[in-house]
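Visitor: A single structure is presented below for examination.
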Amino acid sequence: MRLLSAALLVTGFAAAGVQALAADGVAARDVKMAQHDYLLNCAACHLLGGQGSRTVPPLADTGRLFALPGGREYLGRVPGAAHSPLDDKRLAAVLNWMLSRFGDTTADPPYTAGEIGRLRAQPYLDPLAARRRLLAGH
Amino acid sequence: MKALLPALFAAILFALGPAADTAWPSAPEAPIVTQDPHGVVESVRPELGPHALWVGDRLFRHSILFDGDNGQALGMVDITWTLGGVAPHTSHSRREVYVVEPVYDRGHRGERIDYVTIYDLHTLAVTGEIELPTKGAEAGHGVALSALLDDERFLVVLNLVQSGSVTVVDLEQRRFAAEIPTAGCSLVYPTGRRSFGMLCGDGAALAITLADDGSAAETRRSEPFFDVVADPLSEKGARDGSRWLFASFDGYLHEVEFTGDKPSLVARWSLMTDRERADSWLVGGSQHLALHRDSRRLYSLVHQGQRGSHKDAGSEIWVYDTENHARIDTFEIPALLPAFLRPVLGLAPDSLAYRVLSFFTPSMGAHRVVVSQDDEPLLFLRHGEIGVIGVLDARDGRHLHTIEEAGMTGGEIRIP
Amino acid sequence: MSRLDRWMENSSRALARRSGRRGFLARLGRVIAGGTVTGVAALPLLPVARGQASDESHGSRAAAPPEDIQGPEGDPNHCDYWRNCAIDGFLCGCCGGSSTSCPPGTEMSPVTWIGTCRNPLDKKDYLIWYNDCCGRNPCGRCFCNRNEGERPVYHPYRNNDINWCAGAESQVYNCSAAMIIGLAVEGQPEK
């Protein structure tokens with residue numbers, strides 16, 4: 001049952017991802033790649049549906065965080081993103097996809113490889129404090 | 001386990017015995033003096049020799065202190081981790097032993113509280129405990145999950161819950177001192193009086209120096225210096241003062257200096273020739289690197305394997321001079337299995353059957369190696385599934401003896 | 001070291017990794033039993049694996065991986081089973097659960113690590129979700145130690161030494177299951 005729901009979840013958000021990003025002209029192939037990269041490198045802790053767990057915050061928060069001043073930088077500096085074994089281009093694609101899929105928002109302009117390369121070079125040691133500062137508006 | 005049953009029965013009979021005797025009349029008579037003194041509890045001798053060794057055991061969840069010269073057990077401390085078999089830390093100045101452990105209020109169920117349990121090094125009696133946040137990380141290899149810093153005041157414990165941090169414990173005041181966020185970095189390596197290092201997910205190293213209250217006085221990060229995807233560093237390193245030596249999966253030794261402006265890679269050299277690499281020689285194991293600091297000799301467990309064999313047992317020990325970056329010797333790893341089977345099969349050490357068994361049993365290699373730091377150093381070897389310790393002369397690789405019945409399975413080994 | 005010694009060691013090394021703690025006995029058994037073992041390995045797969053395959057076929061994703069694999073690579077309770085390519089622990093199928101479910105009385109840890117394994121039949125890579133089952137003492141059966149694409153603790157989501165029960169209610173590790181998330185676009189980068 002657990003597996004069935006997991007399979008449906010994957011199928012479901014694959015479809016949603018395609019719809020959301022197709023409008024931006026992103027090729028379905030790229031969406032598929034971003035989804036693959038998310039599953040392989042992020043879902044271990046954030047889980048298949050991005051819901052997080054007892055110890056991991058849900059990715060639904062990313063839309064709200066992204067909209068705050070400094071939020072764009074924050075998402076590129078979180079160690080889970082910054083230290084992932086993805087090159088800058090693919091990490092940028094995952095973040096763009098993730099915001100659309102889980103954050104209910106669009107990265108505008110989308111993250112680029114160059115921007116990600118700069119951000120991930122300064123990973124946070126204390127992302128929870130950075131998040132608190134972000135939410136407190138300073 | 002079967003070997004334990006007779007002992008268990010004996011214990012039950014012993015316990016039942018006096019109860020059946022309670023109806024005897026209590027007429028006054030001369031006191032019974034037993035031939036052997038009754039109720040004696042031993043202590044560990046005041047000075048541990050340089051060849052003492054802690055041997056962790058996953059199955060019985062304790063760590064035994066052995067005298068490596070003669071294989072005698074000196075005592076043991078309990079460790080409750082379900083996976084680890086982690087060996088404890090020993091403070092010689094404070095004469096204490098520290099075990100980091102989670103404790104459940106119903107054995108292995110119920111509420112969990114993490115403690116540093118403190119033992120007296122002489123009596124091995126529990127003399128105190130320090131409650132910690134319930135966050136301590138547990139990993140099967142047991143390596144670099146906690147570190148006793150050099151002035152023996154602070155103990156640092158790795159946490160992997162949420163984004164990652166370390167818990168700092170003040171051993172002098174016996175209290176939790178601080179939690180330091182270290183997201184993205186992991187494992188803890190002592191590097192000095194009050195400093196330790198970590199390895200990070202972007203291929204960088206982190207160096208943290210503590211203030212008097214155990215908080216982070218200074219946190220310094222290196223530039224990324226290794227490729228976490230193509231050729232990652234094994235976390236099973238060997239300490240060299242403020243430096244740590246790490247071998248990469250492809251067999252390149254990285255000497256990392258944790259002091260200075262920021263941690264840095266000071267040397268990188270190959271443990272294998274091109275030819276050896278082509279012959280599939282790789283480093284691997286659970287504690288596969290050991291350094292004898294005075295002689296600058298580095299011992300590396302190696303095997304012939306492929307990607308994914310980085311936890312396999314080493315089939316040989318390659319010995320290097322770290323000054324010249326050159327291999328100077330190769331040690332064979334003795335077959336440890338016969339010594340493991342001997343007591344199980346009930347064979348006498350000098351029996352023909354045991355000699356035949358020893359002759360025909362191939363070596364299955366070793367997963368762990370540590371070296372003592374004295375002038376007549378010993379190498380201690382352990383295979384993850386064979387509960388004995390092979391003891392070699394670290395100077396020439398001679399197999400001196402094997403410590404039998406040294407824990408049933410796995411477990412870290414550590415020089416106290 | 002004698003030539004015989006080295007030969008035996010070379011052949012035992014790969015086996016020890018793949019068949020784990022029982023490796024020595026398994027090897028002995030293989031030598032003694034010869035063809036018998038092959039017969040056992042050729043038994044049809046457990047119904048669990050089939051049931052799960054049909055679950056996945058409901059989705060519009062890739063078709064379920066073919067599982068009619070002969071030999072240990074097709075036996076979920078064998079270390080060589082293709083999905084177990086990075087399990088360091090006890091197989092739940094030998095502990096009262098299955099390769100995709102936890103034993104009775106345990107709880108599946110929500111967090112875990114994810115990698116890819118190649119199905120030998122269609123030569124495709126699948127995303128595998130390794131979940132630890134928690135709340136009972138270590139199972140102690142079918143110990144495997146395979147580490148293809150496994151990485152040190154500084155990449156926790158690719159490390160199988162960590163007790164992943166850290167994310168569950170009880171942090172006592174019992175066994176590990178391996179579930180397919182879906183077809184991978186490519187093998188994980190560490191391979």
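Visitor: How many residues does segment C:140-160 hold that are open to solvent by 10 Å² or more (accessible area, probe 1.4 Å), assigned to a loop (DSSP other than H, G, I, E, B) and either over 13 Å from C:Cys117 (Cβ atoms) or β-branched (Val, Ile, Thr) (or both)?
Guide: Within segment C:140-160, residues that are open to solvent by 10 Å² or more (accessible area, probe 1.4 Å), assigned to a loop (DSSP other than H, G, I, E, B) and either over 13 Å from C:Cys117 (Cβ atoms) or β-branched (Val, Ile, Thr) (or both) number 3.
Visitor: Let me ask you something else. Does segment B:377-414 hold any residues that are assigned to a strand (DSSP E or B) and over 23 Å from B:Val344 (Cβ atoms), and which are they?
Guide: B:Leu378, B:Leu379, B:Leu392, B:Asp393, B:Arg414
Visitor: A further question follows. Mind listing whichever residues of segment B:173-186 are crowded, with 20+ Cβ neighbours inside 10 Å and away from chain A (no Cβ under 14 Å)?
Guide: Within segment B:173-186, B:Ala177 is the sole residue that qualifies.
Visitor: Answer with yes or no whether C:Pro110 is within 14 Å of chain A (Cβ to nearest Cβ) and surrounded by fewer than 21 Cβ atoms within 10 Å (Cβ to Cβ).
Guide: yes
Visitor: When you check C:Tyr130 against the structure, is it touching a Ser or Thr at 6+ places or on another chain (Cβ under 6 Å), within 26 Å of B:Asp114 (Cβ to Cβ), part of a strand (DSSP E or B) and assigned by TED's automatic domain parsing to the domain that holds C:Ile69, yes or no? Spell out the reasoning first.
Guide: Values: touching a Ser or Thr at 6+ places or on another chain (Cβ under 6 Å): yes; within 26 Å of B:Asp114 (Cβ to Cβ): yes; part of a strand (DSSP E or B): yes; assigned by TED's automatic domain parsing to the domain that holds C:Ile69: yes.
When the stated conditions are applied, C:Tyr130 passes them.
Visitor: Taking segment B:151-162, which residues are in contact with a strand residue (DSSP E or B) (Cβ under 8 Å, 6 or more places away or on another chain), open to solvent by 10 Å² or more (accessible area, probe 1.4 Å) and either touching a residue at least 60 places away in the same chain (Cβ under 8 Å) or more than 14 Å from C:Trp164 (Cα to Cα) (or both)? Please lay out each step first, then the result.
Guide: The initial filter retains those residues of segment B:151-162 that are in contact with a strand residue (DSSP E or B) (Cβ under 8 Å, 6 or more places away or on another chain), namely B:152-160, B:162.
Okay, now just the ones that are also open to solvent by 10 Å² or more (accessible area, probe 1.4 Å), so B:152-153, B:160, B:162.
Within segment B:151-162, B:Glu152, B:Arg153 meet the criteria.
Results for (1) charged (D, E, K, R); (2) closer than 20 Å to C:Pro110 by Cβ; (3) assigned by TED's automatic domain parsing to the domain that holds C:Ile87, shown as yes or no for each residue.
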residue: C:Gly140; (1), (2), (3): no, no, yes
residue: C:Phe143; (1), (2), (3): no, no, yes
residue: C:Arg146; (1), (2), (3): yes, no, yes
residue: C:Tyr154; (1), (2), (3): no, no, yes
residue: C:Cys165; (1), (2), (3): no, yes, yes
residue: C:Gln171; (1), (2), (3): no, yes, yes
residue: C:Asn174; (1), (2), (3): no, yes, yes
residue: C:Ala178; (1), (2), (3): no, yes, yes
residue: C:Lys191; (1), (2), (3): yes, no, no
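Visitor: Which ones in segment B:295-319 are more than 9 Å from every other protein chain (Cβ to nearest Cβ) and small (Gly, Ala, Ser)?
Guide: Correct list: B:Ser295, B:Ser300, B:Gly314.
Visitor: Confirm whether B:Asp261 is surrounded by fewer than 17 Cβ atoms within 10 Å (Cβ to Cβ), without any contact (Cβ under 8 Å) to a residue 40 or more places away in the chain and at negative phi.
Guide: On the way: surrounded by fewer than 17 Cβ atoms within 10 Å (Cβ to Cβ): yes; without any contact (Cβ under 8 Å) to a residue 40 or more places away in the chain: no; at negative phi: yes.
In short, no.
Visitor: Determine, yes or no, whether B:Gly387 is of a type in the set (Gly, Ala, Ser), modelled with pLDDT under 95 and over 27 Å from B:Asp279 (Cα atoms). Spell out how you get there, then give the answer.
Guide: Values: of a type in the set (Gly, Ala, Ser): yes; modelled with pLDDT under 95: yes; over 27 Å from B:Asp279 (Cα atoms): yes.
The answer is yes for B:Gly387.
Visitor: Let me ask something additional. Which one of these is over 24 Å from B:Cys185 (Cβ atoms), more than 8 Å from every other protein chain (Cβ to nearest Cβ) and either surrounded by fewer than 24 Cβ atoms within 10 Å (Cβ to Cβ) or of a type in the set (S, T, N, Q) (or both): C:Asn137, C:Asn131?
Guide: Matching residue, one of C:Asn137, C:Asn131: C:Asn131.
Results for (1) open to solvent by 30 Å² or more (accessible area, probe 1.4 Å); (2) outside any helix (DSSP H, G or I); (3) over 25 Å from C:Pro72 (Cβ atoms); (4) hydroxyl-bearing (Ser, Thr, Tyr), shown as yes or no for each residue.
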residue	(1), (2), (3), (4)
C:Ile114	no, yes, no, no
C:Cys117	no, yes, no, no
C:Cys165	no, no, yes, no
C:Ser170	no, yes, yes, yes
C:Ala177	no, yes, no, no
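Visitor: Let me ask something additional. Any residue that is assigned to a strand (DSSP E or B) and either open to solvent by 30 Å² or more (accessible area, probe 1.4 Å) or out of contact with any strand residue (DSSP E or B) (no Cβ under 6 Å at 6 or more places or on another chain) (or both) - is there at least one of those in segment B:163-170?
Guide: No, segment B:163-170 contains no residue that is assigned to a strand (DSSP E or B) and either open to solvent by 30 Å² or more (accessible area, probe 1.4 Å) or out of contact with any strand residue (DSSP E or B) (no Cβ under 6 Å at 6 or more places or on another chain) (or both).
Visitor: Return yes or no: is A:Ala82 touching a residue at least 12 places away in the same chain (Cβ under 8 Å), under 25 Å from B:Thr182 (Cβ atoms) and surrounded by 16 or more Cβ atoms within 10 Å (Cβ to Cβ)?
Guide: The answer is yes for A:Ala82.
Visitor: Here's a follow-up. Let me spell it out: the conditions are (1) open to solvent by less than 20 Å² (accessible area, probe 1.4 Å); (2) part of a loop (DSSP other than H, G, I, E, B); (3) within 12 Å of another protein chain (Cβ to nearest Cβ), and A:Ala107 meets all of them except one. Which number is the exception?
Guide: So A:Ala107 meets the others, but not (3).
Visitor: Right, here's the next one. Being aliphatic (A, V, I, L, M) and within 15 Å of the chain's Cα centre (by Cα) is the filter here, so list the residues in segment B:392-416 that pass it.
Guide: Scanning segment B:392-416 gives B:Ala406, B:Met408, B:Ile413, B:Ile415.
Visitor: Quickly run through segment A:120-138 and pick out the residues that are within 12 Å of chain B (Cβ to nearest Cβ), open to solvent by less than 70 Å² (accessible area, probe 1.4 Å) and aliphatic (A, V, I, L, M).
Guide: Within segment A:120-138, A:Leu125, A:Leu128, A:Ala129, A:Ala130 meet the criteria.
Visitor: I'm checking my understanding of the structure. Among residues of segment C:155-182 that are within 12 Å of chain A (Cβ to nearest Cβ) and polar (S, T, N, Q), which one is farthest from B:Val103 (Cα to Cα)?
Guide: C:Asn159
Visitor: Taking A:Leu40, is it within 11 Å of chain C (Cβ to nearest Cβ), open to solvent by less than 10 Å² (accessible area, probe 1.4 Å) and under 13 Å from the mean Cα position of the chain (by Cα)?
Guide: yes
Visitor: Which residue is farthest from B:Asp240 (Cα to Cα), if the candidates are limited to segment B:386-416 and must be open to solvent by 10 Å² or more (accessible area, probe 1.4 Å) and in contact with a Ser or Thr (Cβ under 6 Å, 6 or more places away or on another chain)?
Guide: Here the residue is B:Pro416.
The values are calculated or read from the model by the stated rules, or taken from the named source; none is laboratory data. All values reported here derive from a predicted model rather than from experimental measurement. For neighbour counting, all protein chains shown are included, and Cβ atoms are generated from backbone atoms with ideal geometry for every residue, glycine included. Heavy atoms of the whole protein, side chains included, go into the accessibility calculation; ligands, DNA and RNA do not. Shrake-Rupley method; radii C 1.70, N 1.55, O 1.52, S 1.80 Å.
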